[in-house]
1. Among all residue pairs at least 6 apart or on different chains, which show Cβ distances below 6 Å where the first residue, located in region 142-158, is in contact (Cβ under 8 Å) with a residue 12 or more places away in the chain and the second is of a type in the set (A, V, I, L, M, F, W, C) and part of a helix (DSSP H, G or I)?
2. Considering region 53-71 alone, what residues qualify as being over 17 Å from Leu174 (Cα atoms) and either in contact with a Ser or Thr (Cβ under 9 Å, 6 or more places away or on another chain) or surrounded by 24 or more Cβ atoms within 10 Å (Cβ to Cβ) (or both)?
3. Pairs only if they're at least six apart or on different chains, beta carbon under 7 angstrom, first in region 60-84 and free of Cβ contacts under 8 Å to residues at least 40 places away in the same chain, second in a helix (DSSP H, G or I); list them, first residue then second.
4. If you go through region 202-213, how many residues are of a type outside the set (Lys, Arg), touching a residue at least 60 places away in the same chain (Cβ under 8 Å) and over 10 Å from Ser116 (Cβ atoms)?
5. Determine which single condition Gly132 fails, assuming it passes every other condition in (1) on the phi > 0 side of the Ramachandran plot; (2) surrounded by fewer than 15 Cβ atoms within 10 Å (Cβ to Cβ).
6. Could you say which residue among Phe114, Phe140, Phe177 is in contact with a Phe, Trp or Tyr (Cβ under 6 Å, 6 or more places away or on another chain) and under 21 Å from Asp67 (Cβ atoms)?
7. Does Leu188 satisfy the criteria of being closer than 26 Å to Gly91 by Cα and either surrounded by fewer than 13 Cβ atoms within 10 Å (Cβ to Cβ) or of a type outside the set (Gly, Ala, Ser) (or both)?
8. Mind listing just one residue for me: the one in region 191-204 that is assigned to a helix (DSSP H, G or I) and either surrounded by fewer than 12 Cβ atoms within 10 Å (Cβ to Cβ) or at pLDDT below 95 (or both) and, of those, nearest to the chain's Cα centre (by Cα)?
Amino acid sequence: MIQALNSSNRFVKSVCRHIFTGAGCLMLSLGAAVGASAAPVEQTAVFAGGCFWGVDAVFKHVKGVSDVVSGYAGGSAATARYDQVSSGDTGHAESVQIRFNPAQVSYQQLLQVFLSVAHDPTQLNRQGPDTGTQYRSAIFYTSAEQQAATRAYLAQLNTAHVFSRPIVTQVVPLEKFYPAEKYHQNYLALHPNQPYIVFNDLPKLQELRKQFPGLYQ
């Protein structure tokens, strides 16, 4: 539920949404300052949650998201190549860079999708069949506001015991994002019948539609 008080001055709006998981329901309430007359400027979020193919596909189906790019974050430009990142020794994590319109979808809602649909935040240095630090769960924040919102939300999830195991998601500043090779971009849409996609990633889209029907596109 989103309530906004219109006025000529800046105001605070409270964002409330229920998250439904197998462990229960959590109410999220976070404030965000907005301008009454200023047009919203697109923002960027960077998430790492295992193989970027499935995470990319999930956010491409979220309303308000204008662009998603698969790539690498956490390491240097010299090793931002798939053959090197796959070794697990470069410091990179397979990540997605998301451009979104905060007037249509909030950063908090993106966090909800990431942590409940796009991946399992309780798996350490792995995701499903993929193992290694390059598949770790991480949120690369791009502002102090994103950092605060992320830490507050993770604390709420932990306090509510939404997951049966501890959340291991890293919260670290984004230093640089490096787009992945062209053949990794929009991979699910181009290879919907690939066995890895069918088994690991298509179910994520089904969960997105189920848990967040108002955000699904």
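The values are calculated or read from the model by the stated rules, or taken from the named source; none is laboratory data. This structure is a prediction, so every number in the text was calculated from the model and none was measured. Every residue, glycine as well, gets a Cβ built from its backbone with ideal geometry; the counts of neighbours run over all protein chains shown.
1. Tyr153/Leu111
2. Once the filter is applied, which keeps residues that are over 17 Å from Leu174 (Cα atoms) and either in contact with a Ser or Thr (Cβ under 9 Å, 6 or more places away or on another chain) or surrounded by 24 or more Cβ atoms within 10 Å (Cβ to Cβ) (or both), region 53-71 yields Trp53, Gly54, Val55, Asp56, Ala57, Val58, Phe59, Gly64.
3. Filtered contacts from region 60-84: Val68/Asp56; Val68/Phe59; Val68/Lys60; Thr79/Val85.
4. 1
5. (2)
6. Phe114
7. Here the answer is yes, as Leu188 does meet what is asked.
8. Phe199
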